[in-house]
Amino acid sequence: MKKAYLAVILGLAFTCTANADSKVSYKTDVKEDVGADGTVKKSSSEETVDAAGTKVKSNLDEKSKVKSDGTRKTSSVLSSTTDPKGLGNKTTAKRTINSTEDGRGSFDRNTESTSVDAAGTAHKKTVERSVDQKSDGTAKSTYKEKVVNDPKGLMNKTTEETERTVTRDADGNVITDKADKTVDGKRVQ
């Protein structure tokens, strides 16, 4: 029984010593600026290094502006990188969102996400969504999505595209609903 306690105590002492010698760090920076024209810009960045030496960096930039007619434009970009020390398996990711909204319910929103995983496979997803709200209460919404996966060096990139359009009457009832899906250029739906 005394040997088990001694092993646990030695293990804890070794762990504490290893962590005391490593360099753990954390940095953050936040900025916000409001322009005379009402434009709001925000940015934040963060960088951490853990006890194993893994470095994680992330940045977020946002911009928003409201015009006198009620139209609001916003954009944001989020990027991150994770890099384990000495392992050669760095991953990256980035997401961009741009949107425009008017005061009566119509909007356009475009989102693009890109990433590269530890195996080197590149992923990209693009989404375009819009709603056109008419003064008579009818609305047309459109959704387009494109997903591309490209494994590193294998020449086997895949592309999937989806498009859907829905038209509604003033009571919210669906008038038309059209959907199409293609995989690598071939229609599947």
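None of the figures in this text is laboratory data; all of them are computed from the coordinates on show. Worth saying up front: this structure is predicted, and the values here are computed from it rather than measured. For neighbour counting, all protein chains shown are included, and Cβ atoms are generated from backbone atoms with ideal geometry for every residue, glycine included.
Over the residues of the chain, the helix contribution to mean residue ellipticity at 222 nm works out to -3500 deg cm²/dmol, using -39500 (n - 2.57) for each DSSP H run of at least 4. How far apart, in nm, are two points set 7 Å out from the Cα along the Cα-to-Cβ line at residue 59 and at residue 115? Once both label points are built, they end up 2.0 nm from each other. Farthest toward the positive end of the dipole of the chain, out of 179, 126, 36, is the Cα of 126, where the dipole comes from beta carbon charges about the Cα centre. Between the Cα long axis of helix 2-21 and the first principal axis of the chain there is an angle of about 60°, rounded to the nearest 10.
Per-residue Karplus couplings for segment 29-39, computed as 6.51 cos²θ - 1.76 cosθ + 1.60 with θ equal to phi - 60°, are listed in order as 8, 10, 9, 9, 9, 10, x, 5, 8, x, 6 Hz, Gly and Pro entered as x.
Stretched out straight at 0.36 nm per residue, the stretch from residue 24 to residue 145 would grow longer than its current Cα-Cα span by 39.5 nm. Stokes-Einstein diffusion for the chain, with the hydrodynamic radius set to the Kirkwood value over Cα pairs and evaluated at 20 °C in a medium of 1.002 mPa s, equals 101 µm²/s.
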